[in-house]
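S.K.: Questions regarding the structure given below will be posed in turn.
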Amino acid sequence: MHNKTLKELSALLHSKQISSTELTRHYLGRIDASGHNAFLHVDHALSLAQAADADARLAAGTAGPLTGVPIAHKDIFVTRDWRTTAGSKMLKGYVSPFDATVVERFRTAGMVTLGKVNLDEFAMGSANENSAYGAVKNPWDTTAVPGGSSGGSAAAIAARLAPAATATDTGGSIRQPAAFCGVTGIKPTYGRVSRFGMIAFASSLDQGGPIAQSAEDCALLLNEMIGFDERDSTSLTVEQGNVAEDYTRSLNQPLTGLRIGVPTEYFGEGLASDVEDAVRAALEQFVKLGATLVDISLPKTALSIPTYYIIAPAEASSNLSRFDGVRYGHRASEYKDLQDMYRKTRAEGFGTEVKRRILVGTYVLCHGYYDAYYVQAQKIRRLIADDFQAAFADKCDVIMGPVAPTVAWDLGAKSNDPVANYLADIYTLSTSLAGLPGMSIPCGFGAGEKNGKRPVGLQIIGNYFAEAKLLNIAHQYQLATDWHTRTPDGV
């Protein structure tokens, strides 16, 4: 049952071959038996109560396509009843009085919450090793990282602990863990999915999206996620084109005549040969499906890392200033005065990587450095976006390449080298800086660093509002290949 797609599970539920309660119990049992540390908070009673409500809707004939289907939520989305920690000691035990818009929309659709999944603290990381509650283990190789920050979401799908999961992408945090865990994930155009109730890391970059087994599954999930939200000041409006649509309708368009841009900067020094071989083979498969490969250049790619690691920490230092021990979250038990309480609370509550980014962000926003660093980074961000627009204007319809330079590395291999972690985001950061949609689909396996094969992801990047096109392209590839159906040993 746990290897079935969302479409297949929906058909079984609507035909009464299985109940939501039975399905939910099945997944909860798998979560309890799992050793991947993917889930941070599970409550059987809450999940089964939602499943009973879904069964009532199914019996009454008022169910939608996702009613009764279980889902896991990244612990960056606040949830009524379930704890929300953002992977940090700062919010240990916190329970929100309301749901994030994304969570609310899935509840309205009748999906059943299985629990909250692990992540890098406040979504800051590339390996899911920065969680205050321990690292997630990659289901393909438990000695490897699952990627970050949405490593819990990707691992939950790969291990078939949930058929769907929410995730967020600030600089690649949907696409990179999806690649490392051999599953499918999509980051929509910035502003298409509401950020209301999503604990902020970098407000001009954070974007919610789904991780699931296939592009078709992601299309079903995006049907519920995308749309204007008046409670989110960064939400794109209906007038700007942010309208809900049925993404499953456009999945079966042929790829004849599709122009695929292949950036030379994505295939240079630093790209592992096993990753390149898998990606090149995927590109050849698209040629067989009727597409044409076009060499393009994205010359500012190398600047995306310094640009991102100025802008994102700057915004993080501002967003995380609210965690001071006054209104909610952790508070130091002993302190002399208000300033001492602030210092001790934040020193105790935040982890090393979060502190590092707050310090960097505060520094670049200081008087005397703001113009030299932050303003310059914003100018380069515009140039990076212009590179993409020049390519889309007359050279290609979509862009493809690797998601990451290597397959998943070993747990602990880069934990003492933050720069090495930052460099792993070289192919995903520019898409986030430009606000473009991008997705990762499984396309093969690499040799790995120690224990056999580890998944490789193909990145597909589109122009603004091109989610339907990306899903169509990914779906056609998945009809012709079986990488997305493969599961780790024992699953």
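The values are calculated or read from the model by the stated rules, or taken from the named source; none is laboratory data. What you see is a predicted model; the values in this text were computed from it and never measured. Quick reminder, even Gly has a Cβ in these numbers, built from the backbone with ideal geometry, and neighbours come from all protein chains shown. Just the protein is used for accessible areas: all its heavy atoms, side chains included, with ligands, DNA and RNA removed. Shrake-Rupley method; radii C 1.70, N 1.55, O 1.52, S 1.80 Å.
S.K.: Just the accessible area per residue of the chain, please: how many Å² with a 1.4 Å probe?
M.R.: 36 Å²
S.K.: Would you kindly state how much longer the chain becomes between ASP277 and LEU383 on full extension, computed as 0.36 nm times their sequence separation minus their alpha carbon distance, in nm to one decimal?
M.R.: Here the segment from ASP277 to LEU383 would lengthen by 35.1 nm.
S.K.: Considering Cα pairs under 8 angstrom that are at least six residues apart, work out the relative contact order of the stretch 309-394 and quote it in whole percent.
M.R.: Details: 63 pairs, mean separation 33.1, N = 86.
Reported as a whole number, the value is 39 percent.
S.K.: Please give the residues of the stretch 54-77, grouped as numeric ranges, whose backbone N is less than 11 Å from a label point set 7 Å along the Cα-to-Cβ vector of SER15.
M.R.: The answer is none, because no backbone nitrogen lies closer than 11 Å to the label point.
S.K.: Here is a further query. Hey, rough spin-label estimate for ALA56 and VAL243, points 7 angstrom out along Cα→Cβ, what's it come to in nanometres?
M.R.: Computed distance between label sites ALA56 and VAL243 equals 3.5 nm.
S.K.: Give the separation of the Cα centroids, the stretch 364-378 to the stretch 302-321, in Å.
M.R.: Cα centres, the stretch 364-378 to the stretch 302-321: 11 Å.
S.K.: Let me ask another. Could you name the lysines whose alpha carbon sits less than 18 Å from that of LYS300, not counting residues in the same chain fewer than 8 places away?
M.R.: LYS379, LYS395
S.K.: Over all directions, the average projected area of the alpha-carbon convex hull for the chain comes to how many nm²?
M.R.: 22.1 nm²
S.K.: Something else about it: Over 21 Å between Cα atoms, which of LYS116/LYS453; LYS92/LYS414; LYS7/LYS288; LYS137/LYS414; LYS74/LYS187; LYS187/LYS453 qualify?
M.R.: LYS116/LYS453; LYS92/LYS414; LYS7/LYS288; LYS187/LYS453
S.K.: Compute the separation of the alpha-carbon centres of the stretch 128-152 and the stretch 102-119 and state it in Å as a whole number.
M.R.: Each part's Cα centre sits 21 Å from the other's.
S.K.: If you don't mind, there's one more thing I want to ask. Equivalent ellipsoid semi-axes for the stretch 39-147, as square roots of 5 times the alpha carbon gyration tensor eigenvalues: give them largest first, rounded to whole Å.
M.R.: Working: eigenvalues 159, 50, 24 Å².
Equivalent ellipsoid of the stretch 39-147: 28, 16, 11 Å, largest first.
S.K.: Just to verify a number: FRET efficiency for ASP489 and CYS366, C-beta to C-beta distance, R0 = 60 Å, to 0.05?
M.R.: In this case the efficiency is close to 0.70.
S.K.: Could you calculate the contour length gain from SER233 to ALA49, that is, 0.36 nm times the residue separation minus the distance between their Cα atoms, to one decimal place in nm?
M.R.: The span from SER233 to ALA49 would gain 62.9 nm if fully extended.
S.K.: A further question follows. Need one number: % antiparallel among DSSP beta bridges in the chain, to the nearest 5. Walk me through the numbers before you get to the answer.
M.R.: Numbers: 30 of 44 bridges.
Among the beta bridges of the chain, antiparallel pairing accounts for roughly 70 percent.
S.K.: How would ARG343, ARG231, ARG57, ARG249 line up by accessible area, probe 1.4 Å, largest first?
M.R.: These residues rank, largest area first, as ARG249, ARG343, ARG231, ARG57.
S.K.: I need the GluC sites (Glu not before Pro) found in the stretch 210-268, filtered to DSSP loop residues with at most 11 other beta carbons within 10 Å of theirs.
M.R.: Details: sites: GLU216, GLU224, GLU230, GLU239, GLU245, GLU265; in loops: GLU230, GLU239, GLU245.
Counting only loop positions with at most 11 other Cβ atoms within 10 Å, the GluC sites (Glu not before Pro) in the stretch 210-268 are GLU230, GLU239.
S.K.: Here is a further query. Could you tell me the calculated FRET efficiency between THR352 and GLU22, based on Cβ-Cβ distance and R0 = 41 angstrom, to the nearest 0.05?
M.R.: Computed FRET efficiency for THR352 and GLU22: 0.40.
S.K.: Among DSSP beta bridges whose residues both lie in the stretch 1-118, state the antiparallel percentage, nearest 5.
M.R.: Here the antiparallel bridges make up roughly 35 percent for the stretch 1-118.
S.K.: Can you tell me the FRET efficiency between LYS336 and ASP32 if r is taken as the Cβ-Cβ distance and R0 is 35 Å, rounded to the nearest 0.05?
M.R.: 0.20
S.K.: Right, next: Any idea how far the Cα center of the stretch 421-472 sits from the one of the stretch 199-266, in Å?
M.R.: Rounded to whole Å, the Cα centres lie 14 Å apart.
S.K.: Once you put a point 7 Å from the Cα of VAL287 and another 7 Å from the Cα of TYR328, both along the Cβ direction, what distance in nm separates them?
M.R.: 5.4 nm
S.K.: In addition: When the accessible area of the stretch 356-491 is computed with all protein chains present and a 1.4 Å probe, what percentage of it is carbon and sulfur?
M.R.: 54 percent
S.K.: With only Lys, Arg, Asp and Glu charged, each at its Cβ (+1 for the first two, -1 for the last two), find how big the charge dipole of the stretch 394-491 is about the Cα centre; round to the nearest 20 debye.
M.R.: 120 debye
S.K.: When each pair of different Cα atoms in the stretch 419-491 is counted once in the 1/r mean, what is the Kirkwood radius in angstroms, to one decimal?
M.R.: 14.2 Å
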